[in-house]
Amino acid sequence: MHEPTQAQPALPELLNDGLARVATARTTDELRALEREFLGKGGVIATLLAAVPSLPAEQRRAAGQGANELKSKLAEALAARERELQEQHLSAELAGASFDPTLPATPPRTGSLHPLTQVTRELEAIFTSMGYAILDGPEVERAYYNFEALNIPADHPAREMHDTFWCDRAGSLVLRTHTSPVQVRAMERLKPPFRAIVPGKVFRQETTDASHEHTFHQMEGLVVGEGITVGHLIGTLKTFLREVFRRDLEVRLRPGYFPFVEPGFELDARCPFCTKGCSVCKQSTWIELCPCGMVHPNVLRAGGIDPERWTGFAFGLGLSRLTMLRYRIDDVRHLLGGDLRFLEQF
Ligand SMILES: [Zn+2]
């Protein structure tokens, strides 16, 4: 029987000593030193393993196994202690005064829909629910569609009312002064009966002030069918007003002259904001809502529709104006001014 070498403590003692020192290590540097001492080249385990071949044959197997077990137990303990130290370090950092992980994150800056877009979408939803199609047309328009086809010939005084941006010297292209040219384009394309709305930008060469802008938004409405009357027109606009203002508003028709309708009207609605007069209705309790009327037979003819068989009505809602009414905006120039401080309110 060979006695174990004097300098070599028994394996259980080595293990207990190693585990105890790992458990009390306070830094990763200390852990690295312990790792070198036990597991490194020429370390405790390596020495144990190196001694195995010189042991009597019957002890070699057990001694080798013991050294390897010691190695894996210490390696495990080192790794576990290292994780522990890292977690302690992290929580110490998180506990630092300058950082509070429970604070909600800064929300990302998000945009919002332009008030005009919101109102346009709302109106589109109302009219599509009544069976209207949504049409589009060119903003640079042929003078023919902007004027002639709408019963406004070249020498017609009504052209004076439209302060037109002309796009060429020949006078054949304009920035459309209203969305009405799409009426004729629609008649050319669609077979009656049909109903359509046309939201879009229009342009007038005007001096701008709180209520005038060179670029503004309209929504044209057009219905063509058999037996369409002024009654349908009034009913449609009352329904529309009820949807927008969430209650019935009294309306009145005043005669109005527009070359492309006959008869033509101005439709007024009771001011939705007051009963005795306010700044919105200029103390009158009525607000002018939209020009409208029965489509002029000449316009139906220009669109290729037989006025003996078909009739129709048209109206022109001011989208800019409705948006201002809805949000109590007092200056039309805010709408296209591009000021984010204004737009962020919606
Ligand atoms: Zn009012």
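Tabulated values for the structure
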{"item": "Cα-centre dipole for the chain with unit charges at Cβ (Lys and Arg positive, Asp and Glu negative), debye to 20", "result": "580 debye"}
{"item": "Of H334, V280, G43, farthest towards positive along the dipole that unit charges on Lys, Arg, Asp, Glu beta carbons give the chain", "result": "V280"}
{"item": "Sequence of R176, R204 once ranked by neighbouring C-beta atoms within 10 Å, starting from the fewest", "result": "R204, R176"}
{"item": "Counting all C-alpha pairs of the stretch 162-295, share separated by more than 17 Å (%)", "result": "68 percent"}
{"item": "Loop-located chymotrypsin sites (Phe, Trp or Tyr not before Pro) in the stretch 77-146 whose Cβ has at most 14 other Cβ within 10 Å (DSSP)", "result": "F99"}
{"item": "Estimated dipole of the stretch 11-94 in Debye, rounded to 20 [Cβ of Lys and Arg +1, of Asp and Glu -1, Cα centre]", "result": "320 debye"}
{"item": "Extension reserve of the E288-T47 stretch, reckoned as 0.36 nm per residue once the Cα distance is removed", "result": "76.6 nm"}
{"item": "Residues T208, T275 arranged by fewest to most Cβ contacts within 10 Å", "result": "T275, T208"}
{"item": "Reduced Cα scattering model of the stretch 1-146, Debye log10 I(q)/I(0), q = 0.13 Å⁻¹", "result": "-0.80"}
{"item": "Tail weight of P(r) past 32 Å, computed on alpha-carbon pairs of the chain, percent", "result": "54 percent"}
{"item": "For q = 0.12, 0.16, 0.22, 0.26 Å⁻¹, Debye-computed log10 I/I(0) when each Cα of the stretch 167-243 counts as one equal scatterer", "result": "-0.49, -0.79, -1.08, -1.20"}
{"item": "Whole-Å distance, taken between Cα centres, linking the stretch 184-212 and the stretch 68-83", "result": "81 Å"}
{"item": "Per DSSP, loop trypsin sites (Lys or Arg not before Pro) in the stretch 52-120 with at most 14 further Cβ within 10 Å", "result": "R109"}
{"item": "Cα pair count fraction exceeding 22 Å, expressed as % - the stretch 11-94", "result": "33 percent"}
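Read-outs: derived from the displayed coordinates by stated rules, not from any lab. Keep in mind that this is a model prediction, so the values were computed, not measured. Backbone-built Cβ (ideal geometry, glycine too); neighbour counts: all protein chains shown.
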